[in-house]
Ligand code: FES
Ligand SMILES: [Fe+2]
């Protein structure tokens, strides 16, 4: 449970808010590179940390992320002409480059030097692993990008997916780090006899109340959820929260998979998820390896996406959403095949966190033992934002990009083993920079 004040402090990310200022110290995934498919392509409306921005790719292929309102008299640069190394406002022709410099002011007298005095707010962008990253913070020279190995794979070995959620970013993060929901929401209809014997899935559905250990890390928080497996062995599901909004889920085999999710606040009530995954899903990174197990009752992961629109909230929306109860099918729910009655795994997650409302009032909740990871992550976030607010303390990981070289996944360990020491090598992500 949080007080109302703590809830406000931790959730709100707009300009000038403490959490919003702290997040701006980090590089932030803004959009997919593929949303700007080529030089001088159509600009894209991007909502990020409560700021309306226009993304465009100039003639040289560089990406700009510029304020929506033209600095002249505020017409939207979304309508702009993206041509010849800049975006030109169609109202009076003022033109801006990717750095926000005004490079042309054709309705002013030729002797005017006003254009040299004017600058639009524009944030530096870097592309890596199919994502356009931006830095919205105060430093003149931004810190390095975090060494997230899932975002540093060679061309052809990764994929990125995006989808939008109609809720606050922290709800989305908490939905992912709350591991005990999987045995109900996703696998509630899977009985042990439905699952491949002697696999992660089998042990997960045999014991739906794992025990937890949670530890602070340099970059965030890590948990190990454990339950009995083969005689003398314990199945550990290890996952990471990485400041300020990244997660690595415990799916797959530890040491062999590369998955990182970013839960990026568009504003206080909308979140864009970027999922960085291997492609093709490698034999070792896939979900249905013998050790991971499968069941006919395991729901498909991905729901259908609606076609993108140019709206601020029109990108990467699920076809199953709040407007249609996320595709809830009561017959399916009663059938014994799908516990939630919601067709895909992703929609199941999204239904739960969106159904809490745009910003859940955490003073109303009742946390239990299984919420230990959620509790610890909130505590770390609150500590970091207060230290930042009161003393200007640089938040975790900003200047330590190498601390992000970690992985998550499932592993079998001998009973009584020290899970942290035993998995040290497997959790370290060797970075292969492409
Ligand atoms: S409002 Fe953009 S040029 Fe005048
Ligand atoms: Fe889930």
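Just so you know, all these numbers are worked out from the coordinates, no wet-lab data involved. Nothing here was measured: the structure is a model prediction, and the numbers come from that model. So basically every Cβ, Gly included, is an ideal-geometry build from the backbone, and we count neighbours across all protein chains shown.
Here are the numbers:
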item	result
Relative contact order of region 27-142, defined on C-alpha pairs under 8 angstrom at six or more residues apart (%)	25
Ordering of 329-340, 5-16 by packing [mean C-beta count within 10 Å, highest first]	5-16, 329-340
Against the rule of thumb 2.2 N^0.38 Å, how large the Cα Rg of region 331-386 comes out	1.52
Where only C-alpha atoms are counted, convex hull volume of region 27-142 per residue in Å³	101
Shape box of the chain [Cα atoms, principal axes, largest first, Å]	85, 49, 45
Cβ-based exposure ranking for 291, 28, in which fewest neighbours within 10 Å come first	291, 28
Separation of the residue 8 and residue 121 label points, Cα + 7 Å toward Cβ, nm	2.2
Region 356-434 shape via C-alpha gyration tensor axes, a/c threshold 1.5	oblate
Theoretical FRET efficiency, 1/(1+(r/R0)^6), r = Cβ-Cβ of residue 60 and residue 393, R0 51 Å, to 0.05	0.85
For region 122-181 and region 309-329, distance of Cα centres in Å	21
Ascending count of other beta-carbon atoms within 10 Å, so fewest first, for 136, 1	1, 136
Mean separation of Cα contacts under 8 Å, 6 or more apart, over the residue count of the chain: relative contact order %	20
Exposure proxy order (Cβ contacts within 10 Å, fewest to most) of 271, 3, 196	3, 196, 271
Rounded, prolate or oblate (a/c below 1.5 giving rounded, otherwise prolate when a/b exceeds b/c) for region 160-210 by Cα gyration tensor	prolate
Calculated on alpha-carbon atoms, Rg and Dmax of region 189-323 in Å	17.4, 56
Centre separation in Å (Cα based) which lies between region 61-81 and region 1-43	19
Separation between Cα centres of region 97-116 and region 182-240, rounded to whole Å	60
Efficiency of FRET between residue 383 and residue 141 - r from beta-carbon atoms, R0 30 angstrom, step 0.05	0.65
Among 381-388, 210-217, the order from most to least packed when residues are scored by Cβ within 10 Å on average	381-388, 210-217
Two-site label geometry, residue 157 and residue 400: point separation in nm, points 7 Å out along Cα→Cβ	2.7
